[in-house]
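Each value in this text was obtained by applying a stated rule to the coordinates, not by laboratory testing. Just so you know, these numbers come straight off a predicted model, no measurement behind them. Don't worry about glycine lacking a Cβ; one is built from the backbone with ideal geometry, like all the others, and counts go over all protein chains shown.
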Amino acid sequence: MNAAKQIMCNRWFHLVKQYNASSMVFSHGCHKRLFSTSRSRMTVMPAWVIDTYGGNDVLRFTRNASFPILNYPNEVIVQVHAAGLNPIDVSMRGGYGASSLSMKRDPLNLNQKGSEFPLVLGRDVSGVVMECGLDVKYFKEGDEVWAAIPPWKQGSLAEFVCLSANEVSLKPKSLSHSAAAALPYVAATAWSALVNTCGLTPENSAEKRILILGGSGGVGTFAIQMLKAWGGHVTVTCSKDAERLVRGLGADHVVDYSAGPVELALGTLEKFDVILDNVGGDTESWALGLLKPWSGAKYVTLVTPFLQNTDLLGIADGMMQTGITVASKALKAYYIYARLEPSAGLVLAVSSWHCSTEHSRFAALTLELHCMQKLTLAAM
């Protein structure tokens, strides 16, 4: 018994000694991993949070937000150097997608309603890896990374954020943190819509005519450059004051939607192989007629009815209503709802394209400006 106590005391002394040296060594199989920790355990951090859904007034700054912890061995904690806002953050602040996202966070419905609060918004992050789970093999402490954070997770408007390692990618060294934080979510969204959904690649885009509805936003400005780098012909709708911006990014033809019925102006043009709709609403009623007939042309919209249906009708009825809506529209044309699935592979692919494009730095700075404008508007 005394021998057992002596062994336990020796082990405890070893851990305390290692802790005071700001590191612990853990055995994992036949390997040893250095597990970093701070000299004084951190339990809270500063963050912008919301405690209920609503307007701008629900945003609250606190220095006592809960510090993120590693719940799974494949997770990393990232110290946030720069964060980005997107339209989905503004929508989520008002309660958009609350039912579906709550189900994603708590699939067994074990927690009480409202357990997601205080909720941290922010879908984009650029920062430095502070801590790694034991199964993380491709990142180490001190790595500069960026990521698009899934909407069901706590966001980046905080000092630290916890992410799965497959949602993180190494940040391009050519970009500052503030520029990098403007890219991941919109870049991943554009990539998901045009590459994963429409099947566009550098090899098959040269002969394609693509229409981007609402092309001066974050997704549109990234999509323009990507498609032009691949040799596609790009037509964009935007307001008059954004025409110079989109032409500078490479748009071949620009239609000012404020000058009159945009569907009439687009109807005079040659038909399109792909339409990327960032606007939604009544555009679906006339945009399908702009596709090339009998050619496998595709209409892709980022404005999905799924979250809205589940908010209004509940999970089961909302899914059924969405299925009926999609099926009825698919009968008319190759009609697709694109969805974002952030992953390291996706962000890494975007990173590779980004580093090889001459307009990439301008793209990052342009998107950074858009994010700054969104942040300013959200704070007003």
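What the table shows:
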quantity: R0 of 45 Å, Cβ-Cβ distance residue 141-residue 295: FRET efficiency to nearest 0.05; calculated: 0.30
quantity: Full-extension gain in nm, residue 67 to residue 203, via 0.36 nm per residue minus C-alpha separation; calculated: 44.4 nm
quantity: Proportion of all alpha-carbon pairs of segment 44-181 beyond 26 Å (%); calculated: 22
quantity: Alpha carbon centroid spacing (whole Å) that separates segment 133-205 from segment 38-83; calculated: 19
